[in-house]
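Undergrad: I'd like to ask some things about the structure below.
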Amino acid sequence: MDIAKIVSEQRKFFSSGITRDITYRKNALRLLKTSMLKYEKELNDALKLDLNKAPMESFMTETALVQDEIKYQLRHISKWSRKKHAATTLAQFPSKGIVIPEPYGVVLIMAPWNYPYLLTMDPLIGALAAGNCCILKPSNYSIHVSQVIKKIITDVFEENYIAVIEGGRNENTQLLNQPFDYIFFTGGKTVGRLVLEKAAVNLTPVTLELGGKSPCVITKDTDCRQSAKRLVWGKFLNCGQTCVAPDYVLVDKSIKEELLNDIKYWIEKMFGPQPLQNTEYPKIINEKHFTRIQKYLKDQKIFLGGKSDSHTLKIEPTVVIDPDPGSTLMQEEIFGPLLPVLSYTDIQEAVEFIVNRPAPLALYLFTNDKKIQNFFMTQIPFGGGCINDTVIHLASPSMPFGGTGASGMGSYHGKYSFDTFSREKSIIVRGFSLDLPFRYHPYSTKNKKILQTLM
């Protein structure tokens, strides 16, 4: 596949101006929606093969969110695309200011394997709504979903508008050597750094959606049973392979035992006494990550779980008690079904534990104390999160989703996706009937004073 040629053809197509037309963009989104529905059954089968996702989980965490995003964009794209009037100064009189959102051009979207459909299609929808041409690079790890994505796209679009590039490291390298107008990357920090380095060569703007160790803080005044229920759901969704999954728990020492017992109750309630036999419990994506996750358990104190099956690539929901903060388990993002639980005696101790580490992509706080809620919301840096719940903050198209610091840069969803894939062009419009003389040579102190009063 000649990647350079595809980029060149997309640049020609974008230069034709067709994608700038709002009607064209809307029709493209409708065509995409129709094709998605056509291949929904095949997509569910692919998600089952790649991650052993149950149809309900696939619907809840992938297809439904994508359909909602398309609906949201279609409802608002006309309004968002309009030129906006901006105030001008007296020094610019007579004039009017105009701000026009315009697409970047040819966009590269690189997606991960953990939510291979959602994290490919969601940014694509925003890029199309903004008027760009797109090249999609799904993950080679989720190969079955990648194949369905290619069918969805090629069924209704030409490569000079939207192209899907399958493959692995070689294709990634070729893509990153191309002069794109924007790069949107979701994945790990190691590759994220490489993307940023490659983008810098061509001064290409980027969005990086990375990850990190997202903490969950539980105070003694919380509803322990309900907190554990929501924690277990968020942590073990997709077998823990979620960038915003609670990575570890900091719980008040006085309710630690109660919380552990409630976590045990809900794990057994949701996944049964033998989770490895549960046909709807997802699997680890491949042997590489299966082995990586198992290594984290070495020399750890396991409260619950710990068993695995190398044939099915399944690892039980596992709870680890009081791991060493310096251990690999507590230094690297887990991205699997292991939940470390640590205790604190004072809330300030929990705060220091979090702020002394890189800013996380998400933070979850379970408490009824309004002062603690306000402190965490306003004083601690993190990408986004929930109070008294987990994960669900990323499901709203009216809220931005993104990281900060080591967990990423930029955001998307809904209007934020449109803004991410657009740039605002500022224009001053004037006529010829009047021209204030103060800016022209010869300069004088008098003219300077007059100009100062107008600015």
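Undergrad: Where in the stretch 427-443 does the label zone of residue 88 land, with the point 7 angstrom along Cα→C-beta and an amide N cut-off under 18 Å?
TA: The answer is 427-440, whose backbone nitrogens lie closer than 18 Å to the label point.
Undergrad: Next up: Determine the relative contact order of the stretch 286-339: mean sequence separation of Cα pairs under 8 Å and six or more apart, normalised by residue count, in whole percent.
TA: Over the stretch 286-339, the number comes to 33 percent.
Undergrad: Taking the Cα centre of the stretch 326-455 as origin, work out the dipole magnitude from +1 charges on Lys and Arg Cβ and -1 charges on Asp and Glu Cβ, in debye rounded to 20.
TA: Computed about the Cα centre, the dipole is about 1240 debye.
Undergrad: Rank 387, 436, 128 by how far each Cα sits towards the positive end of the charge dipole of the chain (+1 on Lys, Arg Cβ; -1 on Asp, Glu Cβ) and give me just the farthest.
TA: 436
Undergrad: So if we plug the beta-carbon distance of residue 5 and residue 155 into 1/(1 + (r/R0)^6) with R0 = 30 Å, what FRET efficiency do we get, rounded to 0.05?
TA: Details: r = 22 Å, r/R0 = 0.72.
Once rounded, the FRET efficiency stands at 0.90.
Undergrad: Continuing with the same structure: Roughly speaking, to the nearest percent, how much of the chain's 1.4 Å accessible area is carbon and sulfur?
TA: 54
Undergrad: Taking R0 as 30 Å, what FRET efficiency do you get between residue 197 and residue 328 from their Cβ-Cβ distance, rounded to the nearest 0.05? Mind showing how you got there, number by number?
TA: Details: r = 26 Å, r/R0 = 0.86.
Approximately 0.70, to the nearest 0.05.
Undergrad: How large is the helix-only mean residue ellipticity at 222 nm for the chain, computed as the sum of -39500 (n - 2.57) over DSSP H runs with n ≥ 4, divided by its residue count, in deg cm²/dmol to the nearest 500?
TA: Values: 17 runs with 187 residues, N = 455.
Counting only the DSSP helices, I get -12500 deg cm²/dmol.
Undergrad: Rounded to the nearest 10 Å², what accessible area does residue 157 show when all protein chains are kept and the probe is 1.4 Å?
TA: That residue has around 20 Å² of solvent-accessible surface.
Undergrad: With Cβ to Cβ distances under 11 Å as the rule, what net charge do the other residues near residue 10 carry (K, R +1; D, E -1)?
TA: Neighbourhood net charge equals -1.
Undergrad: Rounded to the nearest 0.05, what FRET efficiency is calculated for residue 31 and residue 301 with R0 set to 51 Å and r the Cβ-Cβ distance?
TA: Efficiency computed from Cβ-Cβ geometry: 0.40.
Undergrad: Treating only the Cβ atoms of Lys and Arg (+1) and Asp and Glu (-1) as charged, compute the dipole magnitude of the chain about its Cα centre; round to the nearest 20 debye. Could you put the intermediate results ahead of the total?
TA: Details: 55 positive and 46 negative charges, 387 e Å.
Using only the charged Cβ atoms, the result is roughly 1860 debye.
Undergrad: At a probe size of 1.4 Å, how large is the accessible area of residue 301, to the nearest 10 Å²?
TA: In the full protein context, residue 301 sits at about 130 Å².
Undergrad: Can I ask one more? With every protein chain present, what is the per residue accessible area of the stretch 416-455 (1.4 Å probe, Å²)?
TA: 82
Undergrad: How long are the three semi-axes of the equivalent ellipsoid of the chain, in whole Å, if each is the root of 5 times an eigenvalue of the C-alpha gyration tensor, listed from largest down?
TA: Each semi-axis is √(5λ); the values are 44, 30, 19 Å.
Undergrad: Still on this structure, please answer the following. Quote the accessible area belonging to residue 80 in square angstrom, nearest 10, computed with a 1.4 Å probe and with ligands, DNA and RNA left uncounted.
TA: Only protein atoms counted, so the area is about 30 Å².
Undergrad: Now for a separate question. Write down the accessible area per residue of the stretch 1-151 in Å², having rolled a 1.4 Å probe over the full set of protein chains.
TA: It amounts to 41 Å² per residue over the stretch 1-151.
Undergrad: Can you tell me the length gained on complete extension of the stretch residue 257 to residue 312, counting 0.36 nm per residue apart and subtracting the Cα distance?
TA: Fully extending the segment from residue 257 to residue 312 adds 16.6 nm.
Undergrad: Lys/Arg Cβ at +1, Asp/Glu Cβ at -1, dipole of the chain taken about the Cα centre: which of 401, 246, 365 is farthest positive-ward?
TA: About the Cα centre, the residue reaching furthest to the positive side is 401.
Undergrad: Right, next: Which of 64, 206, 93 sits farthest toward the positive end of the charge dipole of the chain, with +1 on the Cβ of Lys and Arg and -1 on the Cβ of Asp and Glu?
TA: With unit charges placed on the Cβ atoms, the residue in question is 93.
Undergrad: Placing unit charges on C-beta atoms (Lys and Arg positive, Asp and Glu negative, everything else neutral), compute the dipole magnitude of the stretch 1-151 about its Cα centre in debye, rounded to 20.
TA: Once rounded to the nearest 20, the dipole reads 720 debye.
The values are calculated or read from the model by the stated rules, or taken from the named source; none is laboratory data. Predicted model, so just to flag it, every value in this text is computed and none were measured. Note that we place each Cβ from the backbone using ideal geometry, even for glycine, and neighbour counts take in every protein chain shown. The protein model used for the area step is the full one, side chains on, heavy atoms only, and it has no ligands, DNA or RNA in it. Shrake-Rupley method; radii C 1.70, N 1.55, O 1.52, S 1.80 Å.
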